[in-house]
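Working notes for the structure below.
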Amino acid sequence: MDTGVLVVGAGPTGLLLACELALAGVRPLVVDKRPRPHRESRALNLHPRSIELMDMRGLAERFLAAGRTVPGWRFAVSLKQPLDFTGLDTRHPYALLLAQARTEALLAERARELGVEIHRGHEAGGLRQYAERVETDVSGPEGPVTIRSAYVVGCDGGRSLVRQAAGIGFPGTRESMTAVVGDFAVADHTHNERARQHGVLVARLEDGLTRYVVMDPQRIRVPSTEPVTPEEFRTSLVRVCGSDCGIGEPRWLSRFGNTTRLAESYRRGRVLLAGDAAHVHFPVGAQGLNTGLQDAMNLGWKLAATVRGWAPPGLLDTYQAERHPVGRAVTTGTRAQTLLVELPITEQYAGPAGHLCELFDTLLGMEDVNRYLACRIAALDTVYPPTGPDADPLTGRRMPDIGLTTTAASTRVYELLHDGRFVLLRFDGEEHPRAATAPASSDRTRVVSVREHGDHPDLWGVSEILIRPDGHIAWATRLPESRALHSERAGALTAWTGAY
């Protein structure tokens with residue numbers, strides 16, 4: 001069996017990656033060892049940047065209709081002061097409470113619309129790399145098969161078989177504490193606020209379920225491999241907050257730990273990693289699923305360009321250069337947040353740990369500090385390294401979703417990104433019949449002449465901006481119309497789209 005790209009893992013990361021590849025004209029094949037999607041949901045939310053990604057592909061309304069927005073999130077459950085997303089520079093200044101199972105279902109629906117094949121009950125095993133292809137052994141209901149593909153992407157979780165088969169190291173720290181999570185159809189919600197005040201995470205889910213996450217000082221050293229019983233869960237709730245919150249029989253119980261690891265590399269030859277296969281950590285800040293989605297958005301168009309043969313030299317290497325530092329920042333940041341959770345629990349909110357929490361609550365009460373940390377958790381502050389020493393300061397930053405009045409209609413930036421192409425904005429208000437690109441690259445770049453745009457301070461003085469398919473700025477200039485501008489534009493389009 002042959003395919004352009006084999007995606008191993010049909011979780012949110014793998015499904016979004018498959019959608020991006022299909023949108024860009026590459027035929028992906030997705031395999032997942034699970035015979036059916038998970039009913040349980042480890043992750044519960046989408047942060048602002050992830051909602052922006054869905055907006056860029058015209059999917060935001062689907063997701064917003066399926067979940068519930070909240071104005072912020074917790075930096076650590078031991079802190080009283082929440083992060084405030086409402087003042088962030090985005091059209092989506094909130095978190096979206098949406099169970100992972102629902103996120104997967106929506107992305108699978110989109111993948112099917114784009115013609116993506118998803119084969120469940122198929123487990124990837126060994127793989128062999130050659131100069132022009134990868135051969136992957138896959139076992140399924142009808143027996144073993146070998147799948148030949150140009151590239152393989154492991155989106156198969158923290159125990160990734162793809163990562164192991166490729167020989168990519170996964171260094172980090174071992175588990176030192178655990179927590180328990182349970183979803184219940186029956187609960188007494190009058191006790192929820194008290195539970196939250198004692199460090200229990202409480203979330204109302206769809207289908208009438210309520211989730212409780214408990215870190216019991218007497219049980220946080222229990223290995224994550226030990227099953228959770230209803231009796232243990234109820235006892236821990238009582239011990240932590242003085243009530244069992246009226247919970248009934250659980251729909252799902254699990255134990256998870258704070259193992260933190262980051263892949264040595266996100267790429268080895270024709271094998272790449274994304275999502276939990278590349279990074280795992282304690283779920284403080286709810287960043288895991290969101291970081292995986294952002295990996296997929298960064299990788300999809302680059303991998304498609306490489307498979308289709310028009311990628312400029314080194315384009316696929318920028319996936320490692322751009323996303324590995326993000327993975328390192330997330331894993332180191334969550335380790336710091338985990339300390340703010342673990343220390344107060346082990347000291348029962350007394351002594352230095354309690355004072356540390358009081359200090360952080362005071363800092364989070366300061367608007368600038370709160371906004372800084374909110375931007376980090378929301379992933380709105382991600383800036384990719386510029387490609388040259390003379391790059392404009394906007395280069396590598398996310399493009400704000402400003403409103404635009406073009407020569408044709410009124411729109412906004414993210415609506416122009418629905419088809420996954422580059423967008424060149426020219427703030428001159430003039431019609432350019434032949435656009436600004438040669439025919440060879442016209443299918444890769446949409447050129448838009450802007451008459452008026454939202455008054456965003458970051459864009460003052462900018463004459464042209466080239467926006468990547470993932471919504472980050474590839475190139476910007478402040479030069480007026482001139483021979484120098486033409487030369488700069490040609491260089492940028494060649495460097496990023498492979499032709500001019």
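The values are calculated or read from the model by the stated rules, or taken from the named source; none is laboratory data. Just so we're clear, the structure is a prediction, and the values are computed from it rather than from any experiment. Cβ placement follows ideal geometry from the backbone for every residue including glycine, while neighbour counts extend to all protein chains displayed.
Observations on the structure shown:
- Residues in segment 10-19 include at least one that is under 17 Å from the mean Cα position of the chain (by Cα), under 29 Å from A336 (Cα atoms), in a loop (DSSP other than H, G, I, E, B) and not acidic (D, E).
One line per residue, one yes/no per condition, for (1) at pLDDT 95 or above; (2) surrounded by fewer than 18 Cβ atoms within 10 Å (Cβ to Cβ); (3) not assigned by TED's automatic domain parsing to the domain that holds Q320:
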position: Y151; (1), (2), (3): yes, no, no
position: G169; (1), (2), (3): yes, yes, no
position: D188; (1), (2), (3): no, yes, yes
position: E193; (1), (2), (3): no, yes, yes
position: V200; (1), (2), (3): no, no, yes
position: D207; (1), (2), (3): no, yes, yes
position: T210; (1), (2), (3): no, no, yes
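- Among the residues of segment 28-45, those that are under 23 Å from V8 (Cβ atoms) and either free of Cβ contacts under 8 Å to residues at least 12 places away in the same chain or touching a strand residue (DSSP E or B) at 6+ places or on another chain (Cβ under 7 Å) (or both) comprise P28, L29, V30, V31, D32, K33, R34, P35, R36, E40.
- Summed over segment 35-65, the residues that are at pLDDT 95 or above, at negative phi and surrounded by fewer than 18 Cβ atoms within 10 Å (Cβ to Cβ) give a count of 3.
- Considering residues of segment 468-500 that are among the hydroxyl-bearing types (S, T, Y) and under 30 Å from the mean Cα position of the chain (by Cα) only, the residue surrounded by the fewest Cβ atoms within 10 Å (Cβ to Cβ): T494
- Of the criteria (1) within 20 Å of A76 (Cα to Cα); (2) surrounded by fewer than 20 Cβ atoms within 10 Å (Cβ to Cβ); (3) free of Cβ contacts under 8 Å to residues at least 60 places away in the same chain, which one C241 fails: (2)
- Qualifying residue in segment 53-61 (condition: closer than 18 Å to I377 by Cα and assigned to a helix (DSSP H, G or I)): yes
- Every residue from segment 324-355 that is more than 30 Å from D295 (Cα to Cα), part of a helix (DSSP H, G or I) and either among the small types (G, A, S) or modelled with pLDDT of 85 or more (or both): G351, A353, G354
- Scanning segment 156-167 for residues that are crowded, with 20+ Cβ neighbours inside 10 Å and either of a type in the set (D, E) or in a loop (DSSP other than H, G, I, E, B) (or both) gives D156, G157, S160.
- Scan of segment 296-322 for residues that are under 30 Å from A99 (Cβ atoms) and either in a loop (DSSP other than H, G, I, E, B) or modelled with pLDDT under 95 (or both), ordered by number: none
- Within this structure, T362 passes the test of being loosely packed, with under 13 Cβ neighbours inside 10 Å and hydroxyl-bearing (S, T, Y).
- Residue that is nearest to V341 (Cα to Cα) [pool: residues in segment 276-288 that are part of a helix (DSSP H, G or I) and at pLDDT below 95]: V284
- Extreme residue, farthest from A474 (Cα to Cα), among residues of segment 321-339 that are in contact with a strand residue (DSSP E or B) (Cβ under 6 Å, 6 or more places away or on another chain) and buried (at least 18 other Cβ atoms within 10 Å of the Cβ): T331
- Number of the condition not met by G182 [criteria: (1) in contact with a Ser or Thr (Cβ under 7 Å, 6 or more places away or on another chain); (2) in a strand (DSSP E or B)]: (1)
- The residue that is nearest to A60 (Cα to Cα), among those in segment 394-416 that are in contact (Cβ under 8 Å) with a residue 60 or more places away in the chain and either part of a loop (DSSP other than H, G, I, E, B) or touching a Ser or Thr at 6+ places or on another chain (Cβ under 9 Å) (or both), is D401.
- Residue list for segment 191-236, filter: among the aliphatic types (A, V, I, L, M) and either in a loop (DSSP other than H, G, I, E, B) or touching a helix residue (DSSP H, G or I) at 6+ places or on another chain (Cβ under 7 Å) (or both): A195, V200, V202, L205, L209, V214, M215, I220, V222, V228
- Once segment 76-95 is narrowed to residues that are farther than 26 Å from Y414 by Cα and of a type in the set (S, T, N, Q), the residue that is surrounded by the most Cβ atoms within 10 Å (Cβ to Cβ) is S78.
- Residues within segment 75-95 that are acidic (D, E) and either outside any loop (DSSP other than H, G, I, E, B) or not assigned by TED's automatic domain parsing to the domain that holds R371 (or both), tallied: 1
- When segment 451-474 is filtered for residues that are in a loop (DSSP other than H, G, I, E, B) and over 23 Å from T497 (Cβ atoms), the ones remaining, listed by number, are G454, D455, H456, W460, G461.
- Which listed residue is crowded, with 24+ Cβ neighbours inside 10 Å, assigned by TED's automatic domain parsing to the domain that holds D317, in contact (Cβ under 8 Å) with a residue 12 or more places away in the chain and assigned to a strand (DSSP E or B), from L293, L272: L272
- Only one entry in R112, R91, R68 is closer than 21 Å to I147 by Cα and basic (K, R), namely R112.
- Residue pairs meeting the criteria (Cβ under 6 Å; at least 6 apart or on separate chains; first farther than 17 Å from L97 by Cα, in segment 182-205; second among the aliphatic types (A, V, I, L, M) and exposed (fewer than 14 other Cβ atoms within 10 Å of the Cβ)): none
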